[in-house]
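Comments concern the structure below.
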Amino acid sequence: MIQVDQINKYIKKNQILNSVSATIHKGDSIGIIGPNGAGKSTFLKILASILKPDRGKIYYQGASYKEKLKELRSNIGYIPQDIALYEDLTVQDQILFWQKASKQKVAKEYVNKVMSALDLFGVQDKKVKALSGGWKRKVNVSIGLLHNPELILLDEPTAGVDLAAKEDLIQWLKLLQQGGKTLVMVSHDWDILNRICEKIMIFQKGKLIFFDAFSKLEEFELNNFGNETDKDLGKLLKLRMR
């Protein structure tokens with residue numbers, strides 16, 4: 001589905017990504033972890049075609065991103081960590097606005113399915129500014145998925161949400177996964193990673209140092225704990241065992 005070949009990214013003079021290569025197959029469910037500043041969100045933005053790599057190639061369905069850009073963007077749902085909603089609109093009006101603004105065809109039946117799965121009908125007449133962080137997060141996710149994309153990219157989807165909202169999000173992502181969607185998410189939440197992701201990417205200082213099945217993480221941990229240069233990564237991995 002997507003092939004990343006030796007991509008590098010600089011912001012100002014700082015190298016954010018360093019020769020990253022990976023292949024994402026249709027139907028993959030991938031979690032991305034790593035210390036702060038490791039390049040995770042930048043990598044996700046490049047997959048979403050929001051940022052361009054400074055060096056290296058990236059392909060979608062065997063052709064370059066540039067050649068397939070229109071098709072690619074119609075098949076991507078990107079949900080950033082920052083919540084981008086109009087505070088004075090109701091939830092229903094918010095969704096209608098983005099439904100009409102979408103360049104892709106949005107089926108009313110699918111919109112209703114998303115709203116039902118995320119339990120949004122109960123708050124559809126409330127203004128966004130009156131919602132808690134968890135409800136805002138669910139509305140934000142729903143808007144990114146209105147056009148029923150095949151590739152879903154999420155940056156910290158459970159940040160700032162309560163347990164009930166998180167469970168709604170997890171159950172919806174499970175349904176998408178079971179339906180054959182491709183999921184790639186950045187998260188520090190081991191609960192959602194354990195329950196959704198079959199593969200894990202680990203970034204450190206701009207490099208992709210691990211990309212394999214979730215089941216291979218234990219071996220990686222054993223080989224890397226005790227390395228004094230990897231203290232932040234070691235702490236992050238130890239959280240999985242709590």
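The values are calculated or read from the model by the stated rules, or taken from the named source; none is laboratory data. On a predicted model such as this, the values are computed, not experimentally measured, just so you know. Here the Cβ positions follow ideal geometry from the backbone for every residue, glycine too, while neighbour counts run over all protein chains shown.
Quick one: how many residues across segment 61-89 are closer than 23 Å to residue 143 by Cβ and not β-branched (Val, Ile, Thr)?
In the first step, residues of segment 61-89 are kept if they are closer than 23 Å to residue 143 by Cβ; the result is 69-89.
Next, from what is left, pick out any that are not β-branched (Val, Ile, Thr): 69-75, 77-78, 80-82, 84-89.
Selection size over segment 61-89: 18.
Looking at the structure I just gave you, is residue 46 at negative phi and in contact with a helix residue (DSSP H, G or I) (Cβ under 8 Å, 6 or more places away or on another chain)? Before the answer, list the steps.
Values: at negative phi: yes; in contact with a helix residue (DSSP H, G or I) (Cβ under 8 Å, 6 or more places away or on another chain): no.
Taking the combined requirement at face value, the residue does not satisfy it.
Out of segment 148-157, which residues are surrounded by 22 or more Cβ atoms within 10 Å (Cβ to Cβ) and in contact with a helix residue (DSSP H, G or I) (Cβ under 7 Å, 6 or more places away or on another chain)?
Those that are surrounded by 22 or more Cβ atoms within 10 Å (Cβ to Cβ) and in contact with a helix residue (DSSP H, G or I) (Cβ under 7 Å, 6 or more places away or on another chain): 152, 153, 157.
When you look at residue 26, is it surrounded by fewer than 20 Cβ atoms within 10 Å (Cβ to Cβ), out of contact with any Gly (no Cβ under 9 Å at 6 or more places or on another chain) and either within 17 Å of residue 80 (Cβ to Cβ) or charged (D, E, K, R) (or both), yes or no? Steps first, please.
On the way: surrounded by fewer than 20 Cβ atoms within 10 Å (Cβ to Cβ): yes; out of contact with any Gly (no Cβ under 9 Å at 6 or more places or on another chain): no; either within 17 Å of residue 80 (Cβ to Cβ) or charged (D, E, K, R) (or both): yes.
For residue 26, the condition - surrounded by fewer than 20 Cβ atoms within 10 Å (Cβ to Cβ), out of contact with any Gly (no Cβ under 9 Å at 6 or more places or on another chain) and either within 17 Å of residue 80 (Cβ to Cβ) or charged (D, E, K, R) (or both) - is not met.
Can you tell me which residue in segment 105-127 is nearest to residue 174 (Cα to Cα), limited to those that are out of contact with any Asp or Glu (no Cβ under 8 Å at 6 or more places or on another chain) and touching a residue at least 40 places away in the same chain (Cβ under 8 Å)?
Looking only at segment 105-127, we keep the residues that are out of contact with any Asp or Glu (no Cβ under 8 Å at 6 or more places or on another chain), and these are 105-116, 120-126.
Right, trim to touching a residue at least 40 places away in the same chain (Cβ under 8 Å) and you get 105-107, 114.
Numbers: 105: 24, 106: 21, 107: 21, 114: 13 Å.
So, considering only residues that are out of contact with any Asp or Glu (no Cβ under 8 Å at 6 or more places or on another chain) and touching a residue at least 40 places away in the same chain (Cβ under 8 Å), the one nearest to residue 174 (Cα to Cα) is 114.
Would you please name the residue that is nearest to residue 167 (Cα to Cα), looking only at residues in segment 76-129 that are outside any loop (DSSP other than H, G, I, E, B) and among the polar types (S, T, N, Q)? Don't jump to the end; show me each part of the working.
Of segment 76-129, the ones outside any loop (DSSP other than H, G, I, E, B) are 76-79, 90-101, 108-117, 121-123, 127-129.
Among the residues that remain, those that are also among the polar types (S, T, N, Q) are: 90, 92, 94, 99, 112, 116.
Numbers: 90: 23, 92: 22, 94: 23, 99: 25, 112: 19, 116: 14 Å.
Only one residue fits best here, namely 116.
Spot the failing condition for residue 181; the list is (1) surrounded by fewer than 20 Cβ atoms within 10 Å (Cβ to Cβ); (2) under 24 Å from residue 31 (Cβ atoms), and only one is missed.
With (1) surrounded by fewer than 20 Cβ atoms within 10 Å (Cβ to Cβ); (2) under 24 Å from residue 31 (Cβ atoms) applied to residue 181, the lone miss is (1).
Run residue 70 past the list (1) basic (Lys, Arg); (2) within 16 Å of the chain's Cα centre (by Cα); (3) over 26 Å from residue 16 (Cα atoms) and report the number of the one that doesn't hold.
(2)
How many residues, within segment 19-45, are more than 19 Å from residue 188 (Cα to Cα) and either among the basic types (Lys, Arg) or under 12 Å from the mean Cα position of the chain (by Cα) (or both)?
Total satisfying the criteria: 1.
Counting just the residues of segment 72-89 that are of a type in the set (D, E, K, R) and at pLDDT 90 or above, which one comes out farthest from residue 5 (Cα to Cα)?
Of all residues in segment 72-89, those of a type in the set (D, E, K, R) come to 73, 82, 87-88.
In the following step, the residues that additionally are at pLDDT 90 or above were identified as 87-88.
Working: 87: 40, 88: 43 Å.
Per the stated criteria, the residue is 88.
What are the pairs, 6+ residues apart or on separate chains, where a residue within segment 156-177 that is touching a residue at least 24 places away in the same chain (Cβ under 8 Å) has its Cβ under 9 Å from a residue that is of a type in the set (Phe, Trp, Tyr)?
Qualifying pairs under 9 Å: 161/135; 165/135.
Any residue at all in segment 82-104 that is under 19 Å from the mean Cα position of the chain (by Cα) and free of Cβ contacts under 8 Å to residues at least 40 places away in the same chain? Break it down stepwise before answering.
Start the filter on segment 82-104 by keeping residues that are under 19 Å from the mean Cα position of the chain (by Cα), which leaves 82-85.
Adding the requirement that they be free of Cβ contacts under 8 Å to residues at least 40 places away in the same chain leaves 82.
Taking every residue of segment 82-104 in turn, at least one turns out to be under 19 Å from the mean Cα position of the chain (by Cα) and free of Cβ contacts under 8 Å to residues at least 40 places away in the same chain.
Out of (1) in a strand (DSSP E or B); (2) under 16 Å from residue 27 (Cβ atoms), the odd one out for residue 209 is which?
Against the list (1) in a strand (DSSP E or B); (2) under 16 Å from residue 27 (Cβ atoms), residue 209 comes up short only on (2).
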